[in-house]
Structure formats: structure tokens, C-alpha cells
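The values are calculated or read from the model by the stated rules, or taken from the named source; none is laboratory data. Keep in mind that what you see is a predicted model, and the values were worked out from it rather than measured. All Cβ positions, glycine included, derive from the backbone under ideal geometry; neighbour counts span all protein chains shown.
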Amino acid sequence: MKVQIFDVEHGGCALVTADTGARMLIDCGHNASTGFRPSTYLPRIGVTYLDELVITNYDEDHVSDLPNLIRSVGIGILTRNPTVSGPQLLDLKSETGAGPGITSLARMTGNYTGSVTSRPNYGAMTYNAFWNRYPFDFDDENNLSFVLFLHCYGLHMVFPGDLETAGWRALLRNPSFVRQLQQVNVFVASHHGRVSGCCEEVFREAGCSPQIVVFSDAGIQYSTQTTAGWYGSRCSGMVYSGANRYVFSTRQDGRILLEATATTTTIQTNF
């Protein structure tokens, strides 16, 4: 299995390719500085169909290239927090305004309403997902994030969207969620590494003990982004270029590639 985490500045976009060739795209942000867009990158490498598109957060930076993506590739399954309907999503964005990506997503939800009877054949890769309910648990986009756990061979990742502390604490009441966290060895930082996404209970009480943390972010724009040390102190490290690394970020390392086989897990940057 390969997981490619793209540099889309202060957003999210990752391509998962299973050993079977099935593909999942996690979010579809773009990079306005470099011009990278999944809608052009995927066809360029021969990908014209995504078995599954997963949206982890209902903010524009996670879906900014969606209007172009749906025109350039086929999408089999749309996976997201199912407690928010298209009209409810637009209502959530009524104060700040819905951008083109969110508007496209709201429209798309109306075309992906049927139940999924079978999942793509991901081979050795499995996934689990958790979310808080709208409007019973939360009525803000960040704490309604779709938290995705990927497992394949020895690689166990979590993509928590922009989940904030209150949202983490709500999900930690679920023993199944805690068991998933205890397996994680690659932790994608919530809310692009902002302080609002840090939750001590995830590590101290739930027992999450990753090797590394990955930040999908642009250059530091806010003082609340300076959490690399906080996360790094909770990681055991992974060997990279002959030394132990604890934190990787798209702003410093560019694209990040994790590859898991039956015998090893490797990481590359600027692939």
C-alpha cells in the first residue's frame, strides 16, 4: 500500500493506492502557490477513476479542487460524516459563505445517497471511521470531522480532519475509537497542527503512541501552529536518512510518501 500526502498548503489531500490497485483520495485541496491540483495530477499519472473519495472536514481547504476533480475523474463512493446533509452543510456555512468546493460537495451529496452494498477491494488494507453527530453532539464543522483510520501490514494511520479538543474528548468515550488510536503509528496532526486540535487525553489516557506525526500545512501563519515540539515529544521516532525523525511537514518536506509491505514500512519526501 502507498499513501501519498501532497503539499496543498493549509489544506488536505492524500492518495491511497492499495496493493490491488484500488484508490482512495482523502480530501482534495490544492496548492495555489505551486499550481498542484489533484484534478490534473491524477489524470497525468494515469488515474481516471477513484474507488472512493473521503472528505474529512467540511471546510473549503479540504475540498477546494472538487469542482475540477469531478470533471476529470470518475468517483465510485463518496464517504464523509453522514449526519450532515447537503442543505445542512450549506446552512453550516451560511455565516462565512460556501466556497466553490463546499457548494460542489453539497450538490454531490444529493447524487450519492444510495447505500453502499460492497466496498472496493482494498486487499490487505482496511479502514475504520468515526464521527460526532450533527446537531446532537456538535454544530461546528471542525468537531464534525470524519476521523479515518487506515491499516495495512505494519502501517496504522489516522486522518482526523480538523477535529478540535472537544470533539476528540467526545469520541474518546467510545471504546472502539480508543482501540483504534492505540494501534496508530503515523498520526496526521489535526487542524494542520493548530493548538485547537491538540488533545492530551489522546496520548496520556487513550494510549496513542505514534512513531511520527505528519503536518499538512503551509508556512507558519499563526502562533497556534507551533506545536511540532508538543507532538514530537509524544512520538517514538522513525528512521529517516540514518537518523530518527519525529515530525514531518509538507511545508518543510514537500510531498510525503509512506509505503507499507508485508515486511517493512518506509517513508520518502519530495518524491
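The criterion of at least 1 residues that are among the polar types (S, T, N, Q) is met, among strands (runs of 3 or more DSSP E) falling completely within segment 154-271, by 243-245, 247-249, 265-269. State yes or no: is ASN31 part of a loop (DSSP other than H, G, I, E, B) and touching a helix residue (DSSP H, G or I) at 6+ places or on another chain (Cβ under 7 Å)? No. The set of residues in segment 104-140 that are among the hydrophobic types (A, V, I, L, M, F, W, C), in a loop (DSSP other than H, G, I, E, B) and surrounded by 18 or more Cβ atoms within 10 Å (Cβ to Cβ) comprises MET125, TRP131, PHE138. Here's a check for you: in segment 215-240, which residue that is hydroxyl-bearing (Ser, Thr, Tyr) and more than 25 Å from CYS13 (Cβ to Cβ) is modelled with the lowest pLDDT? The extreme case among them is SER223. Taken over segment 86-102, the criterion of being part of a helix (DSSP H, G or I) and more than 12 Å from ILE70 (Cβ to Cβ) is satisfied by GLY86, PRO87, GLN88, LEU89, LEU90, ASP91, LEU92, ILE102.
Looking only at segment 192-214, which residues are buried (at least 23 other Cβ atoms within 10 Å of the Cβ) and either at pLDDT below 95 or among the acidic types (Asp, Glu) (or both)? Matches in segment 192-214: HIS192, GLY193.
Can you tell me which residues in segment 141-154 are farther than 21 Å from SER85 by Cβ and either surrounded by fewer than 24 Cβ atoms within 10 Å (Cβ to Cβ) or modelled with pLDDT under 95 (or both)? Listed by number, the residues that qualify are PHE149, HIS151, TYR153, GLY154.
May I ask you to verify whether ALA170 is out of contact with any strand residue (DSSP E or B) (no Cβ under 9 Å at 6 or more places or on another chain), at pLDDT 95 or above and buried (at least 16 other Cβ atoms within 10 Å of the Cβ)? Answer is yes for this residue. Residue-level analysis places THR79 among those that are in contact (Cβ under 8 Å) with a residue 12 or more places away in the chain, surrounded by fewer than 23 Cβ atoms within 10 Å (Cβ to Cβ) and closer than 14 Å to PHE159 by Cβ. Within segment 19-30, the set of residues being touching a residue at least 24 places away in the same chain (Cβ under 8 Å) and over 16 Å from the mean Cα position of the chain (by Cα) comprises ASP19, THR20, ALA22.
Within segment 145-199, the set of residues being free of Cβ contacts under 8 Å to residues at least 60 places away in the same chain and among the acidic types (Asp, Glu) comprises GLU164 only. Inside segment 61-85, residues that are outside any helix (DSSP H, G or I) and closer than 23 Å to VAL47 by Cα make up a count of 11.
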